[in-house]
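Written out below as structure tokens is the structure these notes cover.
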Amino acid sequence: MKKTIGILLALVLVVSMFAGCGSSPAPSSAAPAESSSKASVEASSEAPEKEIIKIALVTKMVDSPYWQTVKKAAEEKAKELGNVEITHLGPPTEADIDKQVQIIETCINDDYDGIILAACDKDALIAPVQKAKDANIPVVMIDSGISEPVYDAFLATNNVQAGAECAKLMANLIGDKGKIAIVNFAAGTQTAIDRETGFTEEIKNNHKDIEIVGVQYCDSDPIKAANQATDFITANPDLKGIWGANDQSAVGVAQAVTEKGKGDSIMVVGFDNSDDIKAGLKAGTIKGTAVQMPTMMGSMGVQIVLDILAGKAPAQKDVDTGVTMITVDNYTSPAMESILNQ
């Protein structure tokens with residue numbers, strides 16, 4: 001867009017130079033003058049083409065159901081606006097922090113007009129975001145933020161509170177007593193840190209008879225999550241529950257519990273939503289999950305970038321997009337179904 005503006009300015013200068021070289025003779029008859037006026041009217045009636053605004057949607061990976069939901073919402077908003085182009089980018093895994101940093105650097109060099117970013121690491125992405133801002137590129141964070149508020153806006157679930165809600169559900173499921181374990185998804189991601197903090201603090205402060213026997217990180221790999229859950233089950237024959245802190249974690253945990261024949265004795269609580277999560281709720285292998293609003297993140301992210309480009313600052317920098325606890329008892333209700341099928 002910036003290059004296009006420069007070309008237009010150059011053309012205006014050229015036209016001005018020709019106009020200053022002399023004036024055209026007056027028309028010799030009414031007919032030519034009328035024709036010239038008609039052409040001018042027709043030219044002015046043609047609506048100018050809107051500049052295409054290029055926005056990079058950079059997520060922690062690209063092929064998970066969660067990020068595909070964000071992408072779909074962003075693209076639908078872009079289609080509604082008519083002059084926005086969304087490019088979805090991301091590393092192959094959430095653990096590939098260096099690759100995500102490289103992607104942001106490339107977006108800056110490729111002259112994107114705005115960036116929507118879910119950070120793989122709360123510290124490593126500070127410098128790239130600051131560099132984008134220094135290049136006058138708006139940056140809207142979604143889902144997973146960074147530890148310095150150098151961005152323009154941050155749209156996310158209150159993950160500390162959501163983690164606490166998962167802990168409350170787990171405590172209720174196991175009768176507020178017994179051993180539980182956590183399979184989280186990434187040690188350095190702010191989202192994972194906040195969810196784990198909310199969960200563990202709720203157990204520590206309000207459920208004195210529940211013991212967390214350990215925490216493992218699966219890098220959002222369901223196979224790795226299943227192996228970690230199996231290790232927890234083997235080491236703790238009296239285990240009562242396992243919390244999977246995102247969709248891939250929960251799906252892997254549920255698989256391990258099922259394969260061990262522990263579906264009735266070990267409660268599985270998840271986080272996020274996917275076809276596999278919904279299948280787990282239906283089968284009863286997953287007892288509940290905290291569902292975010294990724295559609296809001298994608299759609300609002302695009303709108304805020306455009307507002308900033310138009311000179312309108314966000315009404316608030318940090319926006320809680322909300323979370324809903326969905327369980328085996330309520331997932332078939334119309335309200336819950338609409339949230340599950342975002």
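The table below lists the values:
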| read-out | value |
| --- | --- |
| Candidates 57, 89, 117, ranked by Gaussian network fluctuation over the chain, Cα under 10 Å, top entry | 89 |
| Cβ-placed point charges (K, R +1; D, E -1), dipole of region 194-329 about Cα centre in debye, nearest 20 | 160 |
| 3J(HN,Hα) from dihedral phi, region 157-163, Karplus parametrisation 6.51/-1.76/1.60, rounded to Hz, x for glycine, proline | 5, 6, 5, 5, 5, 5, x |
| Region 176-245, accessible surface, carbon-and-sulfur percent (1.4 angstrom probe) | 48 |
| Other-chain or far-sequence residues with amide H under 5 Å of residue 57's (modelled H) | 87, 88, 89, 116 |
| Pairwise label distance in nanometres, residue 223 with residue 333, each label 7 Å out on the Cα-Cβ vector | 3.9 |
| Residue-span extension gain [residue 148 to residue 238] - 0.36 nm each, minus C-alpha spacing | 28.2 nm |
| Vicinal HN-Hα couplings computed from phi for region 122-139 (Karplus, 6.51 cos²θ - 1.76 cosθ + 1.60; Hz; Gly/Pro x) | 6, 9, 5, 8, 4, 4, x, 5, 4, 5, 5, 4, 5, 8, 6, 9, x, 10 |
| Cα centroid of region 128-178 to Cα centroid of region 193-265, whole Å | 21 |
| Within the chain, helix-based [θ] at 222 nm, where runs of 4 or more DSSP H residues each add -39,500 (n - 2.57), nearest 500 | -15500 deg cm²/dmol |
| Förster radius 30 Å - calculated FRET efficiency between residue 315 and residue 131, Cβ distance, rounded to 0.05 | 0.70 |
| Option label - Rg/Rh (Cα atoms, Kirkwood Rh) computed here, alternatives (i) 1.18; (ii) 1.03; (iii) 1.09 | (i) |
| Whole-number accessible area per residue in Å² for the chain, which is evaluated in the context of all protein chains at 1.4 Å | 48 |
| Trypsin sites (Lys or Arg not before Pro), loop per DSSP, at most 10 other Cβ atoms within 10 Å - longest free stretch of the chain | 51-207 |
| Chain lengthening between residue 99 and residue 87 when straightened (0.36 nm per residue, less Cα-Cα) | 2.7 nm |
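The values are calculated or read from the model by the stated rules, or taken from the named source; none is laboratory data. Since we're looking at a predicted model, the values are computed, not measured. Here Cβ is always computed from backbone atoms with ideal geometry, including for glycine, and neighbour counts include all displayed protein chains. Accessible surface areas use protein heavy atoms only, side chains included; no ligands, DNA or RNA. Shrake-Rupley method; radii C 1.70, N 1.55, O 1.52, S 1.80 Å.
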